[in-house]
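Quick note: the coordinates plus some simple rules give every number you see, no bench work behind them. Here the structure is a predicted model, which means the values were calculated and not measured. As a convention, Cβ positions derive from the backbone with ideal geometry for all residues, glycine included, and neighbour counts pool all protein chains shown.
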Amino acid sequence: MNKAKGLFATTLLLLTASAGLYLSGFLLLWLFGLRHVPLAWDTYWSYVKVMAMPDYAPYAGKIKLAGYVGFGLPWVGYFAVLYALFKPRQRSLHGNARFATRADLVKAGLLRKTPESVIIGKFGREYIYLNGLQHTIVTAPTRSGKTSSIAMPVSLTYQHSMVVMDMKGELYQAASSQRAEQGQATYKFAPYAEDGCTHRFNPLLCVSRDPRVRIGEIQTIGAILYPDDPNKDPFWIAQSRTAFLGFASLMYEHWDNLLHLDASSAGPDGASTAYPSRNPNIDPSFPSFERIYRLSCGDGQGGDLKEQIKQWLRDASFLSEQTRTPLSSLVGLAGETFSSVIATMQEPLQQFISPILAAATNASDFDVATLRRRPTTIFVVIPPAKLGESSKLLNIFFSTVVGQNLTVTPQEDKSIQHQLLLVLDEFTAMGAVRALSERISIIAGYWIRILTIIQSNSQLRSTYGPDAAQTYTTNHAASIVFTPREQQDAEDYSRAMGDTTVRRRNRSTGQGGTSYSYTEERRALMLPQELKELPNDDQIIFYEGCPPIRSKKNWHFKSPYFKKRIRPPVEVKPLALQVKKADVMKEDAVRAKDEEMLALLKGRHAT
């Protein structure tokens with residue numbers, strides 16, 4: 001604004017000087033009665049130059065008078081305009097809140113489309129875009145069109161990598177082909193799909209192979225599976241995490257030992273004579289949630305699990321102290337307590353005995369660590385009926401996505417060429433994702449952006465707590481508000497939009513006649529009841545450094561721009577399902593060449 005005012009003042013200065021020259025020349029010719037002489041820009045200046053000559057000395061007074069008046073009037077006008085332009089505006093008593101104009105949107109860069117643009121609304125006939133690395137949060141009650149007007153347009157137009165929470169599969173059905181045609185590797189992770197049409201993802205494949213780091217990452221997963229609960233005894237939560245850590249670490253170290261055995265049995269050409277292509281995506285020895293659950297169930301032949309753990313501790317020479325410690329803690333429990341701990345530990349893992357869910361999480365078809373290096377879109381499709389039981393798996397999935405992409409910045413690794421946008425519809429359905437809420441202030445530096453979609457602010461507060469919810473919301477540069485249904489939300493938005501000053505005239509009549517007075521009153525830009533009556537096509541956008549924006553929703557089904565991008569979805573073949581009848585560790589034992597391992601895994605002492 002200051003630059004514009006400066007440019008205007010400079011331009012006006014030149015015009016004022018020109019006006020002074022012409023007006024002074026005109027007045028001079030008028031005073032001398034030379035109306036027939038043509039007026040030029042230097043007429044007055046030519047008389048000033050000869051004013052000191054004796055022949056023109058008698059006319060010096062008129063020449064000066066023409067100059068004083070001719071230049072004085074334009075300069076008085078010039079300074080009057082400058083005063084009006086630069087004088088401090090009187091602040092209104094109650095505020096000057098207003099809605100944003102197109103000029104405000106242009107200044108904020110919200111009408112400029114770039115490859116990183118996230119489309120968030122419509123202003124007149126122009127689309128509103130959020131550029132750079134900024135986050136967006138959408139507060140939209142159920143059935144208010146958040147998928148049709150926010151998630152769908154973004155999925156159809158965003159040009160970088162995406163991971164999309166797709167509650168009903170609508171986004172995959174409509175946008176997967178468009179994204180594939182953009183050159184994106186497109187996946188559908190639908191672990192609860194009854195038809196088995198899903199790509200696979202095993203979060204445990206993303207755990208570090210470095211034993212020094214691995215324990216901490218297993219504990220992070222355990223904290224998601226067994227979250228703190230003020231309504232439960234913390235003893236059972238802590239013991240469940242310990243049990244999970246012990247069984248998971250046992251499987252990882254068992255896998256490491258198998259790789260060591262393969263390497264030691266390599267032939268002259270360097271190839272393993274045992275299993276030349278031991279692949280964690282194929283080999284049932286590698287950890288997964290289903291395999292950890294089956295391992296915690298014992299040998300499947302009615303044997304005592306505690307005795308089996310004791311035998312592992314006694315005979316498995318490959319176990320590290322980090323694994324022995326939690327397992328030893330388990331066997332030190334009394335019998336009934338031990339059984340209760342195992343049952344509590346197994347509770348969130350029981351769902352993985354489902355053949356479809358097991359097949360979908362025992363291997364991986366995509367690597368979430370490459371999302372910023374290779375343009376990729378992953379649609380996470382969860383049926384609404386499975387929201388409850390899928391919450392922890394979703395939490396682990398998105399925590400893994402974030403964690404795997406916070407290892408190196410684009411400045412440190414030039415192979416990172418793409419942003420990663422997380423579209424988190426029904427964000428609170430997966431519980432508190434601490435990987436996001438605690439890191440949202442730094443993830444933009446790693447080229448990770450978030451589009452959070454919630455139903456109400458109270459929903460976010462109940463999941464994360466008031467302080468964490470406020471911090472999470474504050475880190476979103478843009479906040480999109482649909483017609484609120486909760487009174488508290490309407491009041492919060494009304495306060496956020498600010499107040500304006502209304503000047504009212506009051507008339508009073510008395511014996512002395514009628515008199516008028518003026519009062520200034522406070523009024524919210526939009527009252528809570530006005531917000532609750534906001535038309536279904538409208539939305540309010542709060543953006544940092546910009547007045548509130550009253551805009552239109554981007555209904556994808558009303559716009560030819562979006563409709564032409566919708567095509568039949570990318571086909572996903574159903575998984576080949578296998579119902580396992582034997583314990584996974586026993587299956588490994590059938591193939592193990594090491595006699596000590598064979599005896600251990602069969603539940604017998606080595607001879």
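Using 24 Å as the Cα-Cα cut-off, could you pick out the over-long pairs in 386/552; 107/553; 87/122?
From 386/552; 107/553; 87/122, over 24 Å: 386/552; 87/122.
Tell me, in nm to one decimal, what length is gained between residue 365 and residue 491 on full extension, where the rule is 0.36 nm per residue of separation less the Cα-Cα distance?
Between residue 365 and residue 491, full extension yields 40.7 nm more.
With contacts defined as alpha carbon pairs under 8 Å and 6 or more residues apart, what's the relative contact order of the stretch 2-86 in percent?
Once divided by the residue count of the stretch 2-86, the mean separation gives 40 percent.
At a threshold of 8 angstrom on Cα-Cα distance, excluding pairs fewer than six apart, so keeping six or more, what relative contact order does the chain reach in percent? Kindly include the intermediate steps, with their values, before the conclusion.
Details: 953 pairs, mean separation 140.9, N = 607.
Value for the chain: 23 percent.
How high is the FRET efficiency from residue 304 to residue 210, r the C-beta distance, R0 56 Å, rounded to 0.05?
0.95
What stretch of the chain, leaving out the sites themselves, is the longest with no GluC sites (Glu not before Pro) in a DSSP loop having at most 15 other Cβ atoms within 10 Å? Can you show the working numbers first?
Values: sites that count: 194, 412, 438, 533, 544, 571.
For GluC sites (Glu not before Pro) (loop position, at most 15 other Cβ atoms within 10 Å), the longest site-free span of the chain is 195-411.
For the stretch 2-86, what are Rg and Dmax over the alpha carbons, in angstrom?
15.3, 50
In whole angstrom, how far apart do the alpha carbon centroids of the stretch 485-504 and the stretch 198-235 sit?
Here the answer is 44 Å between Cα centres.
Work out, step by step, the length gained on full extension between residue 17 and residue 52: first 0.36 nm times the residue separation, then minus their alpha carbon distance; give nm to one decimal. Before the final figure, lay out the partial values.
Values: separation 35, 0.36 × 35 = 12.60 nm, distance 2.34 nm.
Computed gain between residue 17 and residue 52 is 10.3 nm.
Between residue 458 and residue 438, how high is the FRET efficiency from 1/(1 + (r/R0)^6) when r is the Cβ-Cβ distance and R₀ = 30 Å? Nearest 0.05.
Details: r = 21 Å, r/R0 = 0.71.
That pair, residue 458 with residue 438, gives E of 0.90.
How far is it, in nm, from the label point at residue 113 to the one at residue 320 when both lie 7 Å from their Cα along the line to the Cβ?
5.2
As an exercise, use a Förster radius of 22 Å and the Cβ-Cβ distance of residue 516 and residue 82 to find the FRET efficiency, rounded to the nearest 0.05. Mind dumping the intermediate values first?
Details: r = 34 Å, r/R0 = 1.54.
In this case the efficiency is close to 0.05.
Put one equal scatterer on each alpha carbon of the chain, apply the Debye formula with no solvent term, and list log10 I(q)/I(0) at q = 0.07, 0.09 1/Å to two decimals.
-0.61, -0.84
With the crude spin-label approximation of a point 7 Å out along Cα→Cβ, what separation in nm comes out for residue 279 versus residue 263?
Calculated label separation equals 2.2 nm.
Could you work out the mean projected area of the convex hull around the alpha carbons of the stretch 315-400, in square nanometres to one decimal?
Working: hull surface 36.2 nm².
Its average projected convex-hull area is 9.0 nm².
Given the Cα-Cα distance of residue 64 and residue 544 and 0.36 nm per residue of separation, how much length would full extension add, in nm?
Once the chain is fully extended between residue 64 and residue 544, it gains 167.2 nm.
Calculated from DSSP H runs of 4 or more alone, at -39500 (n - 2.57) each and per residue, what is the 222 nm mean residue ellipticity of the chain, nearest 500?
Here the helix-only value at 222 nm equals -13000 deg cm²/dmol.
Which three extents, in angstrom, do the Cα atoms of the stretch 100-241 have along their principal axes, listed largest first?
59, 36, 36
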